[in-house]
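Working notes, beginning with the structure itself.
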Amino acid sequence: MNIEDFDFDLPEELIAQTPLKDRDASRLLVLHRTTEEIEHKQFTDIKRYLKKGDCLVLNNTRVLPARLYGIKEDTGAKVEVLLLHQQGEDLWEVLAKPAKKVREGTVLSFGNGKIRATCTGFKDHGGRMLKLEYEGIFYEILNELGQMPLPPYIKEQLEEKERYQTVYAREEGSAAAPTAGLHFTNELLDEIKAMGVSIEFITLHVGLGTFRPVSADKVEDHKMHAEFYHMSRETADNLKAVKENGGRVISVGTTSTRTLETIVRDNGGFTESSGWTDIFIYPPYAFQAIDGLVTNFHLPKSTLVMMVSAFATRENIMNAYQSAVKERYRFFSFGDAMLIL
C-alpha cells in the first residue's frame, strides 16, 4: 500500500494553534462505519452515542515539560533537547538540535547549571543518550526549566502548561499528549459515569514515534518506535466483564488503541500487562480489542491516519476528512474531535 493513499489537502488556516477556552466546546464529527453516515455535533453530544454497559478507556500518561534550552559548556553554543524516555537512573534518550553539535562526551548546561548533561552515546534516528546531574528533585527542576514539547505545526506559545495535559493525567513520562483526551472535563466524565458507562485508565508513554514522519514509500516498510505501556489487573478484569456483558470498549485516542490491541494480540485477551509496543496498525487489520474510537484529526500520510483508516476503511476516513475540511473543523492536537462507531 502506498503512502500517497493517505494524503489529503488541508488549508493551513484549519490547523488549530491554541486550545479553546473550554475543553469540551470543540466540535465532534461522528462517523458510522457500517452506514458511512456522517454527523456534525458538539463534543458534549458524545453522551448521546454511549449507553449503559459501555466503557471508555483513557490514557492517563502525563506529559513532561521535556523541551530544554541550554548551551554547550565548552563553546556556549545554543542547544535544544527533547527528553523522550528514561533508560536508567538519570539516563535519558533525547532528540538534540542541532544534533551534530552533541557528540559523545559533550557537556550541556540548562538553567545556568541547574541541570548538567553529558552525552554518553547515540541512538537510532539521530537520538542521543544523556546522563543528567542536578541537585534536588528532578521533576520539580524540569517543571521550572522545561517547556511543553508542542508539535512543530503549532507556532503559538502555550500560555498554560496544563492545557496540553488531560484532566486525568497522572503517570509522568510522555513526550506528547494523548490529544483525543484533551476534550474531556471532570464534569463531562462524571455525567458519562452517571449514565452507567464505566471509565478505565491505561498508560502509554508517547515517545519518539510521534515525531517521526513516514519516510518509506510503502506503508509496509515503515517501522514504529517502541513505547512503554501498562494495564492493571483491575482494568483488565473490568474490560473482560464489559465484553462478556455485551458492552462496547471505546478507546479514547490512538495511544489507548495501540495499548489495547497490543495486549489482546499478545495475550489472547485483556490481562494485566506491562511492556513495550511497536505495533503498527494499518489496513487491512482485524481489531480485537476496541468497538469504537474517539480521536482527533491527524496529519496527512501519518501513521495515525493509517490506524483510523484500518478501523473505518480508508474511503470512509478520506470522505470524513473531506467533510471536516468543508465544514471548517479545527485540525490536529488542539483541534476538534471525531467519534467512530
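Numbers for the structure displayed
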| item | result |
| --- | --- |
| The chain, helix-only ellipticity at 222 nm - DSSP H runs n ≥ 4, -39,500 (n - 2.57), divided by all residues, nearest 500 | -6000 deg cm²/dmol |
| List Arg314, Arg170, ordered by accessible area with a 1.4 Å probe, largest first | Arg170, Arg314 |
| Using θ = phi - 60° and Karplus 6.51 cos²θ - 1.76 cosθ + 1.60, couplings along the range 219-233 (whole Hz; Gly, Pro as x) | 3, 5, 8, 7, 10, 7, 7, 6, 10, 7, 9, 8, 10, 7, 5 |
| Residue with peak Gaussian network fluctuation, the chain [Cα springs, cutoff 10 Å], from Glu315, Glu80, Glu13 | Glu13 |
| In order through the range 118-127: 3J(HN,Hα) via Karplus (6.51 cos²θ - 1.76 cosθ + 1.60), integer Hz, x for Gly, Pro | 10, 6, 10, x, 10, 10, 4, 6, x, x |
| Given charges at beta-carbon only (K, R positive; D, E negative), |dipole| of the chain in Debye | 280 |
| Of all accessible heavy-atom area on the chain, the percent that carbon and sulfur account for (1.4 Å) | 45 |
| Charge dipole of the range 67-145 about the Cα centre (unit charges at C-beta), most positive-ward option of Gly127, Ile115, Ile141 | Gly127 |
| Area of Ser198 that stays accessible when all protein chains are in place (1.4 Å probe, Å², to 10) | 40 |
| Helix 303-312 vs. the chain, principal-axis angle (Cα, 0 to 90°, nearest 10) | 10 |
| Residue-normalised accessible area of the chain, given per residue in Å² at a 1.4 Å probe | 45 |
| Spin-label model distance (nm) - Ala77 vs Glu159, 7 Å beyond Cα toward Cβ | 3.8 |
| Glu172/Met1 FRET efficiency (R0 41 Å; Cβ-Cβ; nearest 0.05) | 0.65 |
| For the range 96-107, 3J(HN,Hα) per residue [Karplus equation, 6.51 cos²θ - 1.76 cosθ + 1.60, θ = phi - 60°, Hz, x = Gly/Pro] | 10, 9, x, 4, 5, 7, 9, 9, 4, x, 4, 10 |
| log10 of Debye I(q)/I(0), alpha-carbon scatterers only, for the range 182-298 at 0.13, 0.16, 0.18, 0.19 Å⁻¹ | -0.56, -0.83, -1.03, -1.13 |
| Unit charges on C-beta of K, R, D, E only; dipole of the range 67-145, Debye | 460 |
| Alpha carbon centroid spacing (whole Å) that separates the range 275-341 from the range 91-136 | 35 |
| Spin-label model distance (nm) - Lys193 vs Lys243, 7 Å beyond Cα toward Cβ | 2.5 |
| Where GluC sites (Glu not before Pro) fall in DSSP loop in the range 20-61, at most 12 other Cβ within 10 Å | Glu37 |
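The values are calculated or read from the model by the stated rules, or taken from the named source; none is laboratory data. What you are looking at is a predicted structure, and each value in this text was computed from that prediction instead of being measured. For neighbour counting, all protein chains shown are included, and Cβ atoms are generated from backbone atoms with ideal geometry for every residue, glycine included. The area values use the complete protein model at the heavy-atom level, side chains included, leaving out ligands, DNA and RNA. Shrake-Rupley method; radii C 1.70, N 1.55, O 1.52, S 1.80 Å.
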